[in-house]
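So the structure is just underneath, and the comments pick up after that.
The values are calculated or read from the model by the stated rules, or taken from the named source; none is laboratory data. Computed from a predicted model, the values in this text were never measured in an experiment. Glycine gets a Cβ as well: all are built from the backbone with ideal geometry, and neighbour counts include every protein chain shown.
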């Protein structure tokens, strides 16, 4: 049972890494996805800080209006 949990934990950690990478690569034309990715990260139990989300939204807005 312990091995199963460790496998699940490794999978969850890899999913978080993948979602964080997705978040960093999002652009304004994908702005609707920002909260989807953030919510998925949080559902996996990772503490994703609000200021990072706000910073990403502001950055993508600036890129859009350049």
**Prompt:** How many residues are touching a helix residue (DSSP H, G or I) at 6+ places or on another chain (Cβ under 7 Å) and closer than 24 Å to residue 10 by Cα when one looks only at the range 46-66?
**Reply:** 2
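Evaluate the range 38-59: report whether one residue or more is over 12 Å from the mean Cα position of the chain (by Cα), part of a helix (DSSP H, G or I) and at pLDDT below 80. So that I can check it myself, show each step before the final result.
To start, the set of residues in the range 38-59 that are over 12 Å from the mean Cα position of the chain (by Cα) comprises 51, 54-55, 57-59.
In the following step, the residues that additionally are part of a helix (DSSP H, G or I) were identified as 51, 54-55, 57-59.
Restricting the remaining residues to those that are at pLDDT below 80 gives none.
No, every residue in the range 38-59 fails to be over 12 Å from the mean Cα position of the chain (by Cα), part of a helix (DSSP H, G or I) and at pLDDT below 80.
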**Message:** Looking for something at pLDDT 85 or above, assigned to a helix (DSSP H, G or I) and under 12 Å from the mean Cα position of the chain (by Cα) - is there at least one such residue anywhere in the range 3-11?
**Reply:** no
